[in-house]
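The values are calculated or read from the model by the stated rules, or taken from the named source; none is laboratory data. The shown structure was predicted, so the numbers you read here are calculated from the model rather than taken from an experiment. Neighbour counts are summed over all protein chains in view; Cβ atoms, including those assigned to glycine, are modelled from backbone coordinates with ideal geometry. Surface accessibility is based on the protein's heavy atoms, side chains included, excluding ligands, DNA and RNA. Shrake-Rupley method; radii C 1.70, N 1.55, O 1.52, S 1.80 Å.
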Amino acid sequence: MTSLSPPRAAGVRAVAAPSGPPAGAAGRLLRRLAWRLGLCLAATFTAYVLASISFDPLAELRGQQPPPPQAVIDAQAQRLGLDDPVPQRFLGWLAGVPHGDFGETVTGQEIGDELWRRCGTSVRLFLAGSLLAIVLGVAIGLWNALRDGRPSDRMSLFASLIILAVPVFVLGTVLKMLWLPLNEAAGTQLLYFSAETTPGADHTGWAAIGDRLRHLALPTLAIALPQAAFYSRYQRAAMLDVLGSDFLRAARAKGLRHRQAVLRHGVRIALIPMVTLFAFTFGLHLTGGVFTERVFGWNGMGDWLLRGIQDEDANIVASVTLFIAVLVVLAGMLADGVLALLDPRIRRAGP
Amino acid sequence: MNTLTEERTSAQGRGRFRSAARRTPGRPSIVCGAALLLALAGAAVLGPLLWPYDHVAQDRTAMLVPPGGEHWLGTSRLGEDLLAQCLQGLRKSLVIGLLVAVLSTTLSAAVGLAAGYLGRWVDRCLMWGVDMLLILPPFLVAAVLSPLLRERSWLYMVLVLALFQWMLTARVVRARTVALRQREFVTAAHHMGAPTLWIMRRHLLPHLVPLLVIDCTLHVGAAILGEAGLSYFGFGIQPPDVSLGTLVATGSGSALTYPWAFLAPVGFLVVTVSAVGLLGEGLRRALEEGRGGSNED
Amino acid sequence: MKTEHTPHGSEPPPTAQLLEVSGLSVTFRNGVRSGGGPRRAVRGVDLRLAAGQAMAVVGPSGSGKSVTASALIGLVPGPAVVEGSVRFDGRELLHLSDRELSRIRGRRIGMVFQDPLTALNPVIPVGRQIAEAVRLHRTTTRKEAREEAVRLLDRVGIPSAARRAGAFPHEFSGGMRQRAAIAMAIAGGPELLIADEPTSALDTTVQAQILHLLDSLRADTGCALLMITHDLGVVARSCDRIAVMRDGALVQQGEVARLLAAESAPDGELGELLTATRQLARPRPTGPRPLVSAPDVLRVEALRRDYPARGLPGAGRRDGVRAVDGVSFTVAEGRALALLGESGSGKTTVLREIMGLRPPQAGRVEVLGHDLATLDRADRYALRRRMQLVFQDPSSSLDPLMTVADLIGEPLALEGEPAEARGRRVAELLDLVELEQAVARARPGRLSGGQRQRVAIARALATRPRLLLLDEPVSALDAPLRAGVMDLLDRLRGELGLAYVLVSHDVHLVRRCADDVAVLYRGRLVEHGPTAAALNRPRHPYTRALVDAALSTDPHTERHRRRVLLPEDSTTPTTGGTGCAFRPRCPLFTDLDPGSRRLCAERDPSPSRGLHPSRDPSPSREPHPPRPDATAWTAACHHTAHSAVVPAATAPTLRP
């Protein structure tokens, strides 16, 4: 299944005496962290550079009728620091980040303040959606693998293909359309179609939580469904690999029933490749969150990113990219941790 | 176990594609997907020639007509015939999808092969780049670049989509290449004195073809969705050009009141992308499972 | 149920059968894996096994023997229809539910698989996997189960079992893993143990240990054994009855003592197998080639190669893994030298160092008179043509997507030879390796193993080389095919005046095919000399153990000879170590007095000529050397003189 001996040690029987985790484990984790932080910075830098090249924040000013005097335009350019070369602007922006200073928007507002507010909104939405997606995806994938080739497996394949073919922004709208008759039948808003809370409503305690949940339900579903469909396909394939493996037969040969063998030995192994996949594709799935926020009118980071691009504001784009990158890094570290739990070979083996 | 290995090996000897065609574990999927795609492509190419309405003609006497009658799929807010619009949009979406898929698959094959076979610092550098691009959502980059691309040809958008969609495949290609590199026939070629490019072309690439064909198919779907997302938010195809994305965007405003203007392009989009997905899944089963794991893994 | 009939062999009394199989058929359902329509892997097999008996099921690969074994306990891999009857202790097993079968598996029938690495769960400590098996069959507390697991590990011979119970499968060596798998199989105290090629993946000395373990377990518990194997030596050593399978059917069965006896010549499938195996084990009829003063094709002097030992536990920070250290030998034109050793001995590393044509880390390698340390690009290119490598497994060394013509022609295509000339040469080469011309259009997957290896040899000969490096050239083939390929190689050597370096772990093969032998242990050359002398009267205790572990097909010899079992040494050979590397496993060392032991522990033995040349058994057959280094017989042991004192483990006597 896996080749354990690296080519350099081939022919040399490398047998390890069991011992505690080697001191290299912590160092390895630190190296991974450094690698990821480097990626983080590089991604933010790339986004900043691309945005600075692409955006022309003075266009609107220039296009005004009557045209504003050149001095006004120059002043704005000066305020935005457009005269400096792009890398220098980036460094200037980056220098402020550790102090919570993410620069100003084109219109002169502090980014930092708004960032934290929107950050919470997005994380809440995306976390709920992703958790639901992982649980659903893994469960469906495992179930399908065990029912390989039967009608339920085929139906599930078909459903996942369709879900993956529906763009997230459409999915949100479709969910609304499907739910609309239910709301109408109930004569009240069972689930809300937009915003985080009911504006103006002054709920407290359980009522407030209930209100939030009723707003959260549909967007969470919109985020979760495509991800779940995606994960389920891969989980199915991973589990099928495990089901055909020798050690599962060996586990049954020692007296475990099929179901016991699958649950005690199979599932854990089948989850290992999924953790890596999760880390790789986390960034890609974040796009779904952006769309969902817009469709459901949540004032999160995704919504802000779209607005930043429309306003041609490089600072907003860089801040949101940094946010995304940090999330990806956190997801990666989480994946590393889970992987080490699932697969002790990673903990024990050298780097 | 011995018997199985033997059997699979002999199956492979018949030539991958012929044996795949004979057994084709995923044949229903391939046939359905391919037939649907061909029908859609045919409609997209021939439709505008046969259908009496032009996609930009605005009929002020027939605005927001529901489906049926003369306008099979109804009309838009401006009185444009939706079927004509959808066919035009489909045409653009399909072209973009194909171009992006071919470009990104080529790129991922090149990067994956180089990283996997050359190893060492080439591998480290390329994989660092791949990891970085995996952090940047392709949508973000394409949207950020949209002010630059707005005045230029849509072909630039194809380029941007392709540039940010190849990374996952490249990673898989790299992993496969690393596995292939340890196989003895590659070592044998190396010992024969075969140059790197020779080995890549003659011994590595042929083994990656099934993977690349499958991923190329799936990239078509991803590209169509990516374009639709960009256009939906106004970062993609610009009027007067239409794509399925712009049509969905126009229709979604009134989705709850005049659903057909929304559902018609959505229907085309979903059917197209799921047909591509169906084809891809069928190909995966036919090529990957039928390829005989004994020699491949 | 079908009426019973046994094709051959004597019938044991019908009572007291532990296992009765009749009309067993396995048909793989129409699916991806079966490649087209339904495929019958096993057709109407009848078997009976009495309590405490040991039965072997042999047959070439693809004969359905493994599928039969797994069908007995309902674990056929993949979707399949199993028909017929399997009665165990009077109870029909075939139509039991998974729940009912699970009470029999492990508790009454244990199973050991071929590859213990894939049969153990890689992410759970070995001890816990065994404890799980214990808890499945006995009501015990977790703690008791853990203690029982340690006892079992100890029983199967794993040193410091309590500590090793917490290790993961990948931290065990191959032999230890198989021991752990056996511990797991006997956890429920089964009455029948099914072992599916339990030693095929292991070294011969380790194989000897595992077979010994199985024997002693049978003696202790009285359990019956059903052993699937392709090796008649294993059958002769450990089994009472033998059943031969071919194409899914059982074609022969009978008593091992009678069928395999030295003077017997059974007919049919078993006859073929036996003849082929005996033929391979017999020294070459022609004897070593007379030595004329042929030029040296390859000279290796004090070759050394370390690998970085990063992450290997037990290795110091600056230590490297010693793969090859101080290996010297020469090969003259027309001669064949064998590098004999087990996995980890460094024989493959030596090949790789020669084949790589790069300056060695230390020492000197000279190919056709060119020192590898001073090669430039053009030399290297020219030398590549003159020296070719044949790999162990042709199914992986031949690109499965290319046709035979393209494969054989590739070295020529690389030299820019036009297609037409290439075609002619390919035809010539196919003739040379005794293949039909029609093969040229086929892909390797459609050929038999023997044909594939012939294609690989033809490819190696395409550029008219003078030196062939053969890396275990027949060990991936079934026994009947081996002799053919070895005969071909022998013939080619004579006709084309080639020199061979043959890497092998198989004493019989080396004895048959090589003029000289170099025995490697952990990267050191322990014994080097003319094959006939060095393998018939080995001086070094390791060589002696290797020769001793090689099994003959004669049950009488196998059951009555004294065996020297080497303990396992699971450490990694690092550059930091001192003294004789073989010391931890050396049977001689344990008999020595402390003073002599100190010598072994402190000083690295250097290759020395034998002290008692008079003891050489066949001085007449040892040709007189024109150069001293060509046939000098050396052994790297401080106590070669002693070795004669220890009762000799002579080479198995083989009567034709």
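Okay, here's what the table says:
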item	result
Condition check for residue C:209: modelled with pLDDT under 80 and polar (S, T, N, Q)	no
All positions within segment C:355-391 that are within 21 Å of residue C:503 (Cα to Cα), within 14 Å of chain B (Cβ to nearest Cβ) and touching a helix residue (DSSP H, G or I) at 6+ places or on another chain (Cβ under 8 Å)	C:355, C:357, C:358, C:367, C:384, C:385, C:387, C:388, C:389, C:390, C:391
Segment C:180-223: number of residues that are away from chain A (no Cβ under 12 Å) and either part of a helix (DSSP H, G or I) or among the aromatic types (Phe, Trp, Tyr) (or both)	17
Qualifying strands (runs of 3 or more DSSP E) (wholly inside segment C:316-397; at least 3 residues being outside the structural domain of residue C:408 (by TED's automatic domain parsing) and more than 30 Å from the chain's Cα centre (by Cα))	C:362-367
Among the candidates A:126, A:102, residue that is part of a loop (DSSP other than H, G, I, E, B) and either of a type in the set (Phe, Trp, Tyr) or farther than 30 Å from residue A:265 by Cα (or both)	A:102
Single residue of B:197, B:225, B:159 found to be at the interface with another protein chain (Cβ under 10 Å from one of its Cβ atoms) and out of contact with any Asp or Glu (no Cβ under 7 Å at 6 or more places or on another chain)	B:225
Filter result (facing chain A (nearest Cβ under 10 Å) and open to solvent by less than 10 Å² (accessible area, probe 1.4 Å)) within segment C:128-147	C:129, C:130, C:133, C:134
Residue identified as touching a residue at least 24 places away in the same chain (Cβ under 8 Å), within 11 Å of another protein chain (Cβ to nearest Cβ) and of a type in the set (Gly, Ala, Ser) among A:244, A:288	A:288
Qualifying positions in segment A:161-179 - surrounded by 13 or more Cβ atoms within 10 Å (Cβ to Cβ) and more than 13 Å from residue A:295 (Cα to Cα)	A:161, A:162, A:163, A:164, A:165, A:166, A:179
Candidate set: segment A:303-318, residues that are small (Gly, Ala, Ser) and modelled with pLDDT of 85 or more; chosen: the one nearest to residue B:225 (Cα to Cα)	A:308
Residues within segment C:414-423 that are within 19 Å of residue C:380 (Cβ to Cβ) and either part of a helix (DSSP H, G or I) or of a type in the set (Gly, Ala, Ser) (or both), tallied	2
Condition met for residue A:241 (closer than 30 Å to residue C:110 by Cβ, modelled with pLDDT of 80 or more and not small (Gly, Ala, Ser))	yes
Residue identified as in a strand (DSSP E or B), assigned by TED's automatic domain parsing to the domain that holds residue C:589 and of a type outside the set (Gly, Ala, Ser) among C:510, C:503, C:474	C:503
Residue list for segment C:68-117, filter: open to solvent by 40 Å² or more (accessible area, probe 1.4 Å) and within 23 Å of residue C:174 (Cα to Cα)	C:114, C:115, C:117
Some residue of segment C:225-233 being under 15 Å from the mean Cα position of the chain (by Cα), in a strand (DSSP E or B), in contact (Cβ under 8 Å) with a residue 24 or more places away in the chain and crowded, with 19+ Cβ neighbours inside 10 Å	yes
Scope segment C:71-88; condition at the interface with chain A (Cβ under 9 Å from one of its Cβ atoms) and within 14 Å of residue C:47 (Cα to Cα); matching residues	none
Unique match (being more than 15 Å from residue B:228 (Cα to Cα), in contact with a Ser or Thr (Cβ under 8 Å, 6 or more places away or on another chain) and either small (Gly, Ala, Ser) or part of a helix (DSSP H, G or I) (or both)) among B:103, B:140, B:113	B:113
Any helices (runs of 4 or more DSSP H) falling wholly within segment B:180-267 and containing at least 2 residues that are within 25 Å of the chain's Cα centre (by Cα) and farther than 30 Å from residue B:285 by Cα	B:205-232, B:244-252
Residue within segment C:424-446 that is within 9 Å of chain B (Cβ to nearest Cβ), among the basic types (Lys, Arg) and in a helix (DSSP H, G or I) present	yes
In segment C:235-291, residue modelled with the highest pLDDT [restricted to those that are part of a loop (DSSP other than H, G, I, E, B) and in contact with a Pro (Cβ under 8 Å, 6 or more places away or on another chain)]	C:260
Residues located in segment A:32-59, provided they are more than 10 Å from chain B (Cβ to nearest Cβ) and without any contact (Cβ under 8 Å) to a residue 24 or more places away in the chain	A:34
Residue within segment C:150-170 that is within 14 Å of another protein chain (Cβ to nearest Cβ), charged (D, E, K, R), surrounded by fewer than 22 Cβ atoms within 10 Å (Cβ to Cβ) and part of a helix (DSSP H, G or I) present	yes
